[in-house]
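The values are calculated or read from the model by the stated rules, or taken from the named source; none is laboratory data. The structure displayed is predicted, hence computed values, not measured ones. Don't worry about glycine lacking a Cβ; one is built from the backbone with ideal geometry, like all the others, and counts go over all protein chains shown.
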Amino acid sequence: MKKLVHALVLTGLVGAPTFAMADEPASPHTLSANVSLTSNYVFRGISQTGGEPAIQGGLDYSHSSGFYLGTWGSNVGWLTEFQGYDSGSMELDLYGGYRNSIGPVSYDVGAIRYMYPGSKNNTNPANTTLPGAWTSEAYVSAGWKWFTAKYSYYLSDSVFGVGPNANGSYYFDLSGSLPVGETGLTLGAHWGTFHFKNVSTANYDDWKISAAYDMGKLGKLGDGVTLGVAYTDTNADKGFWTQGNGEYLGKGTTTVSISKAF
């Protein structure tokens, strides 16, 4: 009988016996990456590239417990044109924190270090030391449905080149993100206020309206690809937020972007 069954299996007349395999447990670790191209890198209403395009990318690790770590980078233009660096055209961020939810309310607590490699010019024409660009920030946010509120507190002596003695500055913002049914389109709105300690002329409010489209709705080739458009504006003081080349960094501007998540 055993020989007969073996022969039938070999000839394809009888299927080979199969054994059920237990599903592998899901890994608690997640690693993701992203890359994007934008017509203008605008951060909290202020152009970081002086109206020029930027290439950006990041790498993120998250654990199912809620802990996460990540790094992100972009080219920038303000280090030499606004801050007085002899050389420098890069931003590199390192961040980490914990996010979870309590009922319908999500929360996120973490810290980020904004780093700007380059050669700093130690003195300006008035022979005074320029504040550094490297910035440390602690943040906490809470979200409900489509709305998020976030408070960022600055721990460094200078805040994005504004200082010294600017530790204790803060940024507060409210944002909303509303998916339009199952179309793949998401509409967004944002308002924020930046208060710099001991440098009141640097204070400003900013606002933004945006739209993003998930290209995955058009087919597999679009999976992970997002097209975005946004309009941003501020009431930032022109005398303070204008570069040496005459470019006002807080002006109203429209940006378009394309990004890919892996």
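Meeting the requirement of 1 or more residues that are surrounded by 17 or more Cβ atoms within 10 Å (Cβ to Cβ) and aliphatic (A, V, I, L, M), the strands (runs of 3 or more DSSP E) wholly within the range 154-262 are 204-214, 225-234. Is it the case that some residue within the range 54-73 is of a type in the set (D, E, K, R) and either under 25 Å from Ser210 (Cα atoms) or surrounded by fewer than 16 Cβ atoms within 10 Å (Cβ to Cβ) (or both)? Scanning the range 54-73 turns up at least one residue that is of a type in the set (D, E, K, R) and either under 25 Å from Ser210 (Cα atoms) or surrounded by fewer than 16 Cβ atoms within 10 Å (Cβ to Cβ) (or both).
Phe160 passes every criterion in (1) modelled with pLDDT of 95 or more; (2) under 18 Å from Phe240 (Cα atoms) apart from (1). Residues in the range 74-111 that are within 13 Å of the chain's Cα centre (by Cα) and buried (at least 18 other Cβ atoms within 10 Å of the Cβ): Ser74, Glu91, Tyr95. Checked against (1) under 18 Å from Gly51 (Cβ atoms); (2) in contact with a helix residue (DSSP H, G or I) (Cβ under 7 Å, 6 or more places away or on another chain), Lys251 passes all but a single condition, namely (2). Determine, yes or no, whether Phe82 is among the hydrophobic types (A, V, I, L, M, F, W, C) and within 25 Å of Val42 (Cβ to Cβ). So Phe82 passes the test.
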